[in-house]
Amino acid sequence: MASIVQAIMTGILLGGLYALIGVGMSLIFGIMKITNIAHGDLMILSAFFTLMLTANLFKSIILALIVSIIIMIVIGVLVQKFLINSVIDKGSEPALLVTFGLSIVLQNAMILKFGPNSQLISTAISEVNIFRHGQLSMSGQYLLNFVVAVVIIVILTILINRTSLGRGIRATSNDVMAAELMGINTKRMYIIAMALTMTATCIAGLLVGSTFVFYPSSGTQYLIIAFGVVVIGGMGSIPGTLIGGIILGVTQLLGASIFGTPYQMLTGYVVLLILLTLRPQGLLGKAKRK
Amino acid sequence: MSEIILEVSNLDVFYGDLQAIHDVSLKIEKGSMVSLIGANGAGKSTLLTTIMGVNKPKNGKIFWKGQDITGLSTNKIVSRGLTLTPEGSHIFEDMTVRENLQVGSWTNKSREAKADAEEKVYDIFPVLKEKRTQLASFLSGGQRQMLAIGRAIMASPEMIICDEISLGLAPVVIKDIYASLRKICESGVTFLLVEQEVKRCLKYTDYGYVMVKGGIVMEGKCSELPEDKVSDAYFGIGEFA
C-alpha cells in the first residue's frame, strides 16, 4: 500500500517535470501548427550550456541558467527566422522536416563538442529529502521540479490568455491572414512564441539535467515524453500539459510499482493509447470543426 | 473633385502563367462608397488581395494617399489606415467577441482611442455588446459580418474594403448592414464594396466599377450607370460578349 501511495505522490511530482518538458512543444504546435522534432535535443543542449557555464564561468546556477536562457533564445530565434519562417508558408511538412534535420545536427554536434559520456548538473537541492517517514519519502529535487513547472505554466497561461501580446499570438494561431489584416506582424509573433518556448525549455533542461543523468542523445527520450504529455493534455493547450504530465507520470510509476520497473514506459503509453481512443483531441484540446 | 485616397494604376497580376488581372486601374475618392461588381472568377478577390499586399503584381502600381505601397507587407499596409474585411468574415473563432475587437485595435496604441473605437462599434452594432463575452464561433452569419466590420473599425482606418459581406445573408440582414456601412461612411471612412449583386450596388453606393475576366469594362456614378448594361457586362452578353 505504501508503495502505491509513494508511486502516486512521486508520479504527480514527476508529472510536473514532464509538463514543463512538454509545454514548449505544445506552444509551438498550438501557435505554428508545427511538430518540433528537435524539441528534446534543444532541451538537452540547454542543459549542457547550463552545466558548462556553472562548471567553468559562474558559481551561481541561477546566473548560469539566465545566460543559457539568453543563448537558447538567440538560437531559437535564429532557427525560427532563417529555417522555419522561410518554409512555414509552404505547409507544416517542410517545417517538420527542417526540425527533424535540426535534431540530427544538434545530436551530433553535442557528441562532438561535449563527448558521449553521461553528465549530471549537481545542485544543493539534489540530495535533500523533504521528508522520510517509514517507506515514504519525498525528494527535494522532485518537489522543486513540480513547483517550478506549475509556476511557469501558470505564467504562460496568463500571458497567452490575458495580455494584449497573448491575444496577438492567439489571433495568429487562429487565422494567419486575418491576423495580418489586423496589422499584426505574424512572423514576429512566431519569433516571440519561439523565445517563450526556449525560456521554458531551458528551465526544463536545468531541472531534467539535475534530476537525471543525460547524454547528447537523450533528446529523443524526452521528445517522446513531450509527445505523450501534449497528446494526453490536448495539442496546443497549455494548462492541458500539466494534466497530461501528471497522468503520464502517475501511470508510469504506478505501472512500475505494480508490474515492475521494466513496465514503467509501457504502462504510461498504454494509458496514452487508451486516452487517444476515447478522446483523440486530448483532455483539454478542442475538437476540430468542419 | 475631392482627394484621391486609393489609386491603382495599370495592374497586371499572374498566377504562374495565368494572367488573373489585366491592366486594371481604379481611383477612389476620399469619403465615398464605391462598389466593384463582378461575377465569380472575374478577378475581384485577386485584385483585393493584391492591393492588400498578399499577392505581388507583375506590372503596375498601387498608391495610398499618394504614396506607393506596391509590395509592402499586409500588416504595414493595415497600419497605414487601409484595411479589408475578408470574404467569409474570418473572425477569430476561438476568441470572444470582445477579444476579436481588441485584436482589431492592434495598431491603435492609445488606450483612449481603443475605448472610443469599442464604444463606436457597440453603438453601430448593439448586438455585439450583448454578446461580447461569448465565443465568436457562436455568432450567426450576420453577426459574424458585423463583428468583422466592427473589428476593422477598431483600427480607426481611413478606408475599409469589404469582400462580399452580403454572401449567404438574409435580405433584411443585408439591408441592416448596408445602413450601418452608410453610417460609418458618413463619419469619414471610405468604402470599397465588392459584390456580386448589381442592383444592390447601384442602389447603395456612389460610384461603381464592373469587372469581367480580370479587367474593368465599365465605370461611372451609380446613378448614371444603366442597370441593363451593367447586367450585360456582368454576364458577358450583348456588346460585352
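The values are calculated or read from the model by the stated rules, or taken from the named source; none is laboratory data. Nothing here was measured: the structure is a model prediction, and the numbers come from that model. Cβ atoms come from the backbone with ideal geometry, glycine included; neighbour counts cover every protein chain shown.
Tabulated results
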| read-out | value |
| --- | --- |
| Residues of segment B:190-233 classified as surrounded by 18 or more Cβ atoms within 10 Å (Cβ to Cβ), in contact with a strand residue (DSSP E or B) (Cβ under 9 Å, 6 or more places away or on another chain) and of a type in the set (Asp, Glu), total | 1 |
| Any hit, segment B:148-157, residues being over 27 Å from A:Arg188 (Cβ atoms) and either part of a loop (DSSP other than H, G, I, E, B) or away from every other protein chain (no Cβ under 13 Å) (or both) | no |
| Scan of segment A:32-66 for residues that are surrounded by fewer than 17 Cβ atoms within 10 Å (Cβ to Cβ) and assigned to a helix (DSSP H, G or I), ordered by number | A:Met52, A:Ala55, A:Asn56, A:Ile62, A:Leu63, A:Ile66 |
| Residues of segment A:136-173 satisfying the condition of being away from chain B (no Cβ under 14 Å), surrounded by fewer than 16 Cβ atoms within 10 Å (Cβ to Cβ) and in a helix (DSSP H, G or I) | A:Val147, A:Val150, A:Val151, A:Val154, A:Ile155, A:Ile158, A:Leu159 |
| Number of positions in segment B:92-105 that are within 7 Å of chain A (Cβ to nearest Cβ) and more than 14 Å from A:Val176 (Cβ to Cβ) | 4 |
| Every residue from segment A:225-262 that is of a type in the set (Ser, Thr, Tyr) and either in contact with a strand residue (DSSP E or B) (Cβ under 6 Å, 6 or more places away or on another chain) or touching a residue at least 40 places away in the same chain (Cβ under 8 Å) (or both) | A:Ser237, A:Thr241, A:Thr251, A:Ser257 |
| Segment A:242-290: number of residues that are surrounded by fewer than 21 Cβ atoms within 10 Å (Cβ to Cβ) and within 14 Å of chain B (Cβ to nearest Cβ) | 7 |
| Given (1) closer than 19 Å to B:Val8 by Cβ; (2) touching a Cys at 6+ places or on another chain (Cβ under 8 Å); (3) at pLDDT 90 or above, index of the condition B:Leu181 fails | (1) |
| Members of segment B:158-181 found to be of a type in the set (A, V, I, L, M) and either part of a helix (DSSP H, G or I) or touching a residue at least 60 places away in the same chain (Cβ under 8 Å) (or both), listed by number | B:Met159, B:Ile160, B:Ile161, B:Ile165, B:Leu167, B:Val172, B:Val173, B:Ile174, B:Ile177, B:Ala179, B:Leu181 |
| Members of segment B:78-87 that are part of a loop (DSSP other than H, G, I, E, B) and closer than 13 Å to B:Leu6 by Cα | B:Arg80, B:Gly81 |
| Residue in segment B:79-88 that is among the charged types (D, E, K, R), under 23 Å from B:Leu169 (Cβ atoms) and within 14 Å of chain A (Cβ to nearest Cβ) present | yes |
| Residue within segment B:63-77 that is facing another protein chain (nearest Cβ under 10 Å) and part of a loop (DSSP other than H, G, I, E, B) present | yes |
| Selection within segment B:135-147 - away from chain A (no Cβ under 13 Å), polar (S, T, N, Q) and not in a loop (DSSP other than H, G, I, E, B) | B:Gln143, B:Gln145 |
